[in-house]
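What follows is a set of notes on a single structure, which appears directly below.
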Amino acid sequence: MTKKVQRKTVSELPDKLNFSEIEKKWRARWEEDGIYRWNSDRPRSETYVVDTPPPTVSGSLHIGHVFSFTQTDVIVRYQRMCGKNIFYPIGWDDNGLATERRVQNVFDIRCEVDKAYQPEWKPEGVEHISLLASKSVSKTIPTVPAVPANGEDTTTVVSRQNFIEACQLLTKEDEKIYEHIWRRIGLSVDWQLQYATIDDHCRKISQLSFLDLVNRGYVYSEESPTMWDVDFQTAVAQAEVEDRESVGHFYDIVFKVEEREDYESGNGGTNFIISTTRPELLAACIAVVAHPDDQRYQDLFGKYAITPLFNVRVPILPAVHADPSKGTGILMVCTFGDVMDVEWWKHSDQPIRQIIGRDGKMLDIKFVNATEGASTAFVSLFPQEANHHYSKLVGHSVKSAKKIMAKLLAETPGILAAPARETKQAVKYYEKGERPLEFISTRQWFIKILEHRDQLLEQGEKIKWHPEHMRVRYEHWVRGINQDWCISRQRYFGVPFPVWYHIDQAGNCDYQNPIFADNAMLPVDPMIAVPPGYTEGQRNLPGGFCADKDVMDTWATSSMTPQIVSHWQLNPQRHQKLFPMDLRPQSHEIIRTWAFYTIVKAYYHQQTIPWEQVAISGWVLDPDRKKMSKSKGKVITPENFIDTYSADAVRYWSAKARLGVDTAFEEGQFKIGQKLVTKIFNAAKFIFGIFEHNKYNDASEVSKLKETNKEITEPLDLIWLELLNQAVVKSSDYFNLLDYAGALQITEETFWAFCDHYLELIKVRAYGGKGAGEQIEASQSQGVRSALVTLEFSLHTFLKLFAPFFPYVTEEIWSWSCVCVKDQQTAAPVDSVHSSTWPTPLPLPTEINSDFAQSTFRQVVEIISAIRGAKTAQKRNMRWRVKKLTLGHSAEIRESLQAFLPDICNAGNVAQVEWSEVEVAGLQELRVAVELDTAETN
RNA sequence: GGGCGUUUAGCUCAGUUGGUAGAGCGCUACCCUUACAAGGUAGAUGUCGGGGGUUCGAGCCCCUCAACGCCCACCA
């Protein structure tokens, strides 16, 4: 059905492109008309589902976000125009450490888990919260709220619940800022599909996930040494750990070997040397090991060594992990220096000697002699001396304990075999942390990964990765995992575990038999709610219960983003329609976390992949080719660029970058985008001028074109449309491979050819050969009709091809045909370019060979370029008359070009054309000679 | 140390099964031409990182080296 619609007259069109005005107008219109809404009634097969990344709101939104989100939006807009029912949600990742850190700093508060909740409490400054939130976070703010040793602590201490409320207040504000930018850049997300990872719904899904994994046997809790950040005072998972290069020192420490004969006396016999970079752990030494085949130490195995300074007897044992080529080949095992220590300890029957506390300070321990030592691991041959030495370390941080030990070793004769020497070492840090991780034994929840590695690798193979090589990163990571996923964090602003423990009569928690919440209770905070069968009065009392105080790793929630939006377990019908999804867009540095964990969850819950395709965006790099990040202190606010260059221009820059390719930030790219957008605007205005001149006012023509294409008769129009058809096909092909940049490139090239050549060539014909002021006859010539129809179709096609990239300017121009009016009767959505269908090639009345179209168009362009060149060379303007144009080529070419000469002559203002007298057979190149009019005759 | 990627004009980047090296920016000159001076036209610019190989022919395929980036491993 075709609506009768009138075009706007040129006088009604905006004079200049005022982008901020049209952005505002269309943003409001799209929201009002809901053109980006998901239709829950349509079947899965017609739906395109996107697992949008929920950005961490507690940072500053930078240009990199805009970059990658725009890329996804472009793909989504294409799918929408292909008729897909789009499910494009938007989420906010607001739980986790980033928010805690920000809240602590903004409100100057600190959480203590056991403090009582105060319902009336509000953070100071809350009335100016938007002001507080708008102050961008600086990395210079300490990660941890200072707890000054002098007791002058101005920080307000609040309960977990109060702390969470403060977090929610602030994240709400942060989300507003983010939403504002997303709307400005023109993301076509469905704002009704909004979630925040700390909201009730997400907590519920996270807890359901946990309980489902418990039921399926994928979860266990265990007290064991785990990687621990001493500042944040929480366990962390392998995926959040990074290595940092640092300078350490080797200390060559002399150990004495206790021979059988001097066992009683305690005097050492033979000596050996251990090279260590962690002398501060000497008191935590539990054994000395060397490789079983190491000939140097064969006679030591089975004997005992005596640690210097602390005089602790430790066994000398063979261990395969000892590398004979490193250091002296013999090393001490401490609890705990590194992963190997942990592994070795787990499989040994040696005691644990924990000397580093959860706060990273040396614990206050006492060495005793063997007869007193039944209840402690710290047994020394000379406890008094050991305690004398150790007392110097107590309460010091690991770093300063290391210094003190270095001094002690140096001062005590006979211990250091050589002066300390420098070495480069890689030290493990929590990615957000500032001090090295320690291994500290604590109780944590784990999700099993190691025993399912092969299946997880298979899942990765079933997913299509863009670019393909990103799959390798996934596989690499999965193969390299050596720990199960630790999902518990000793933090506050996160999803609590829906778990309590029974307390026996002696007051001990029964961790072996956790009490899990019923699904009906979720979301639940065990610190507030009471487990089934208990009363609040029994909390923390013998015979009663206690809550699990930990919260989940933020990835435990983020890994459920598909299920969060599909309402897994809550609405099976909806879930069915959305899961597995079509597309996961994300960046490459979180393949090991977000992508990996999401694949884990989908597999464990439903034995499926979470999405068919993953699109990995590149990074935005500084001009010095480092990742552009807020840490550089460079505030590159996306909004400035939108203000300066327009949203469409910023989108252009984003869409020019291919998936997975890092892009150096270059402001010039915005200018190019802006130029292109302006060009589209001006070209459209020009075309509307031609329409008006010819009284070609019925904008519905183009929809009937497939039947009435017989109007297209002129050879130039036909080959042009063939070229445009090719562009349509290529662009679609690129889009289907998620190569939006390729699609943009082909459209852009074709559009410039349209403006520079086609428009110039038909200008005179389209005006009926009349001057600007002259009135055209009512009955247009066929040449004019052909041009008008071609222009109309071309404009429509370009608007559609550009629509995913430039939603604003294309919509604005689309509206000039007055088709963007709301149906008064049905109040149906507007006919927006974004709800229009993606173009398909126009059937031409005469079949045109595509190679012929290309080569002929190229030759035509060659001729007019030669004409322009001649005018430029002779410093004439482009309307300067050409007295004679002489062309030379084979008869065949001459034949085919003949039909284009009228348009060429019009465009070049050529008075006379002549073919060169000599017919050259097989001439490869077209010969063009241009003779201009003289100044007198022109 | 292992892996992945990148290396093409001064800059940012294209280059789809191997077939005469491309675009934009910048630069130079010219032009107010019935859309556009926030414009247009024309022009100059390259040992395609180095070396070797396969081929009639290599920016593209193979080997090798180098630089840069990223991921992983490396705490005795």
Quick check on residue A:858: is it touching an Asp or Glu at 6+ places or on another chain (Cβ under 6 Å), open to solvent by 80 Å² or more (accessible area, probe 1.4 Å), at pLDDT below 90 and not acidic (Asp, Glu)? no
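Yes or no, residue by residue, for (1) touching a strand residue (DSSP E or B) at 6+ places or on another chain (Cβ under 6 Å); (2) closer than 30 Å to residue A:433 by Cα:
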site	(1), (2)
A:298	no, no
A:304	yes, no
A:311	no, no
A:315	yes, no
A:324	no, no
A:344	yes, yes
A:352	no, yes
With respect to the numbered conditions (1) touching a Lys or Arg at 6+ places or on another chain (Cβ under 8 Å); (2) over 21 Å from residue A:224 (Cα atoms); (3) surrounded by 14 or more Cβ atoms within 10 Å (Cβ to Cβ), which one is the sole condition not fulfilled by residue A:406? (1)
Out of region A:321-330, which residues are open to solvent by 10 Å² or more (accessible area, probe 1.4 Å), more than 6 Å from RNA strand B (Cβ to nearest atom) and of a type outside the set (S, T, N, Q)? A:321, A:324
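Condition check ((1) assigned to a loop (DSSP other than H, G, I, E, B); (2) over 19 Å from residue A:617 (Cβ atoms); (3) open to solvent by less than 50 Å² (accessible area, probe 1.4 Å)) across all residues:
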{"site": "A:27", "(1), (2), (3)": "no, yes, no"}
{"site": "A:36", "(1), (2), (3)": "yes, yes, yes"}
{"site": "A:42", "(1), (2), (3)": "yes, yes, no"}
{"site": "A:72", "(1), (2), (3)": "no, no, yes"}
{"site": "A:83", "(1), (2), (3)": "yes, yes, yes"}
{"site": "A:91", "(1), (2), (3)": "no, no, yes"}
{"site": "A:106", "(1), (2), (3)": "no, yes, yes"}
What about residue A:871, is it in contact with a Leu (Cβ under 8 Å, 6 or more places away or on another chain), open to solvent by 60 Å² or more (accessible area, probe 1.4 Å) and more than 22 Å from residue A:721 (Cβ to Cβ)? no
Over 40 Å from the mean Cα position of the chain (by Cα) and of a type in the set (S, T, N, Q): does that describe residue A:376? yes
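Quick check on region A:426-465: of everything there that is charged (D, E, K, R) and closer than 27 Å to residue A:214 by Cβ, which residue is nearest to RNA strand B (Cβ to nearest atom)?
Taking the candidates together, the pick is A:453.
Each row is one residue, and each column tells you yes or no for (1) surrounded by fewer than 22 Cβ atoms within 10 Å (Cβ to Cβ); (2) free of Cβ contacts under 8 Å to residues at least 24 places away in the same chain; (3) under 26 Å from residue A:861 (Cα atoms).
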site	(1), (2), (3)
A:652	no, no, no
A:665	yes, no, no
A:685	yes, no, yes
A:722	no, no, yes
A:731	no, no, yes
Let me confirm something: among A:625, A:651, A:658, which residue is at pLDDT 90 or above and in a loop (DSSP other than H, G, I, E, B)? A:658
Every residue in region A:409-420 that is of a type outside the set (Gly, Ala, Ser), open to solvent by less than 70 Å² (accessible area, probe 1.4 Å) and either assigned to a helix (DSSP H, G or I) or closer than 17 Å to residue A:385 by Cα (or both), please. A:409, A:412, A:415
Going by the structure shown, is residue A:432 in a strand (DSSP E or B), open to solvent by 60 Å² or more (accessible area, probe 1.4 Å) and closer than 22 Å to residue A:486 by Cβ? no
When restricted to A:281, A:187, the only residue in contact with a Cys (Cβ under 9 Å, 6 or more places away or on another chain) and over 20 Å from residue A:487 (Cβ atoms) is A:281
May I ask you to say which residue of A:774, A:749, A:760 is over 51 Å from the mean Cα position of the chain (by Cα) and either modelled with pLDDT under 80 or within 11 Å of RNA strand B (Cβ to nearest atom) (or both)? A:774
Where a residue in region A:554-579 is basic (Lys, Arg) and its partner, wherever it lies, is part of a helix (DSSP H, G or I) and open to solvent by less than 10 Å² (accessible area, probe 1.4 Å), with Cβ under 8 Å and at least six apart: A:574/A:566; A:577/A:566
As an exercise: evaluate residue A:385 against (1) among the acidic types (Asp, Glu); (2) surrounded by 14 or more Cβ atoms within 10 Å (Cβ to Cβ); (3) free of Cβ contacts under 8 Å to residues at least 12 places away in the same chain and give the number of the one condition it does not meet. (3)
Among residues of region A:470-485 being part of a helix (DSSP H, G or I) and more than 7 Å from RNA strand B (Cβ to nearest atom), the residue farthest from the chain's Cα centre (by Cα) is A:479
So residue A:578, is it of a type in the set (A, V, I, L, M, F, W, C), open to solvent by less than 10 Å² (accessible area, probe 1.4 Å) and either away from RNA strand B (no atom under 16 Å from the Cβ) or closer than 15 Å to residue A:485 by Cα (or both): yes
Leading residue by the ranking (most open to solvent (accessible area, probe 1.4 Å)) among those in region A:446-496 that are closer than 30 Å to residue A:511 by Cβ and of a type in the set (Phe, Trp, Tyr): A:492
With the first residue restricted to region A:16-28 and required to be within 14 Å of residue A:814 (Cα to Cα) and away from RNA strand B (no atom under 12 Å from the Cβ), and the second required to be outside any helix (DSSP H, G or I) and open to solvent by 40 Å² or more (accessible area, probe 1.4 Å), Cβ contacts under 8 Å at 6 or more apart or on different chains are A:22/A:14
List every residue pair whose Cβ atoms lie under 8 Å apart, where the two residues are 6 or more positions apart in sequence or sit on different chains, the first residue falls within region A:329-353 and is within 20 Å of residue A:297 (Cβ to Cβ) and of a type in the set (Phe, Trp, Tyr), and the second residue, located anywhere, is near RNA strand B (Cβ under 9 Å from one of its atoms) and open to solvent by 20 Å² or more (accessible area, probe 1.4 Å). A:344/A:321
Inside region A:331-350, the number of residues satisfying the requirement of being near RNA strand B (Cβ under 7 Å from one of its atoms) and in a strand (DSSP E or B) is 2
Conditions (1) more than 15 Å from RNA strand B (Cβ to nearest atom); (2) of a type in the set (A, V, I, L, M, F, W, C); (3) in contact with a His (Cβ under 7 Å, 6 or more places away or on another chain); number of the one not met by residue A:420: (1)
Quick one: in region A:151-204, of everything that is of a type in the set (Lys, Arg) and under 30 Å from residue A:808 (Cα atoms), which residue is surrounded by the fewest Cβ atoms within 10 Å (Cβ to Cβ)? A:176
Of the criteria (1) in a strand (DSSP E or B); (2) over 19 Å from residue A:72 (Cα atoms), which one residue A:597 fails: (1)
Residues satisfying the stated conditions in region A:598-615, i.e. closer than 21 Å to residue A:211 by Cα and open to solvent by 10 Å² or more (accessible area, probe 1.4 Å): A:603, A:606, A:607, A:608, A:609
Contacts under 7 angstrom Cβ, first residue in region A:501-529 being aromatic (Phe, Trp, Tyr), partner part of a loop (DSSP other than H, G, I, E, B) and open to solvent by 80 Å² or more (accessible area, probe 1.4 Å), 6 or more apart: A:501/A:511
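The values are calculated or read from the model by the stated rules, or taken from the named source; none is laboratory data. Keep in mind that this is a model prediction, so the values were computed, not measured. In this analysis, Cβ positions are derived from the backbone assuming ideal geometry, glycine residues included, and neighbour counts consider all displayed protein chains. We work out accessible area using only protein heavy atoms, side chains counted, and drop any ligands, DNA or RNA first. Shrake-Rupley method; radii C 1.70, N 1.55, O 1.52, S 1.80 Å.
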